[in-house]
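Participant: After the structure tokens below, expect a handful of questions from me.
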Amino acid sequence: MMRAAPTQVGRILFLLALGTLSAPSFGAIEIFGKGSISKNHLSRTNFVTTVSAATGFAITLIPQLRIEGRYTSNGSLQKRLDATSGAVSFILDDIKTQTTIYSVGLDIDILSAKHAFTPFVFIGAGYVKSERSYYVRADEASAPVYITDPIQTGITANVGAGFRLRVARAIAFEVEAFAYGIDVHKPNPLVNVYGTVGLRIFL
């Protein structure tokens, strides 16, 4: 019986390992973009407009599990807010809030890639930056004063859940409900929830 030389055995093992690493399920790259917009009327003259968007990429670790990096932007504009502080009343106009999140986490498919419809969950953490500006008036006849609040930063925990629907071999329609908590290491963290729709491309 012929025996393979040590160098030949090494080559065979190397080729087998290379074939495993280059399998479609390992190291595959995906890119995605999704967003949403809403406008809620609080009265005939007052409303809140919210625009949310997320983009990023993912790398498959093993089938049904990928590591994902995200950039999320969430902005809102409230036309007017009548407020009081003690016995003093004042008016806030054009209240703009912009929240930016840089996060990384794990994206887990509930079903295998063989299914066109695949529910998923996302669990991650990252860095959040929030900015707010507005105009203040003492009353309707007063001239507005522009004010910007100090920029707030912190650590955020992210959780998402949704589904993907393959519409082509390399394209999936994606729907997700996304929640992020600000200052999760402190008591009573602030939690925001919103939904997005978009596309994911499998490269």
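Participant: Mind checking the angle between helix 6-21 and the chain's longest principal axis? C-alpha axes, 0 to 90 degrees, to the nearest 10.
Facilitator: 30 degrees
Participant: Which of A58, A87, A168 moves the most in a Gaussian network model of the chain with Cα springs under 10 Å?
Facilitator: A87
Participant: Could you give the distance between the Cα centres of the stretch 121-162 and the stretch 41-69, to the whole Å?
Facilitator: The stretch 121-162 and the stretch 41-69 have Cα centres spaced 16 Å from each other.
Participant: Find the lysine pairs in the chain meeting two conditions, Cα atoms under 24 Å apart and a separation of 8 or more places or different chains, and report how many there are.
Facilitator: The number of close lysine pairs in the chain is 10.
Participant: Per DSSP helix of 4 or more residues, -39500 (n - 2.57); summed, then divided by the residues of the chain. What does that give at 222 nm, rounded to the nearest 500?
Facilitator: Computed ellipticity for the chain at 222 nm equals -2500 deg cm²/dmol.
Participant: Taking the chain as a Gaussian network, Cα atoms linked when under 10 Å apart, which of T84, T100, T55 shows the biggest mean-square fluctuation?
Facilitator: Highest fluctuation of the listed residues: T84.
Every number in this text was worked out from the coordinates using simple rules, so none of it is lab data. It should be emphasised that the depicted structure is a prediction, and the values quoted were computed from it without experimental measurement.
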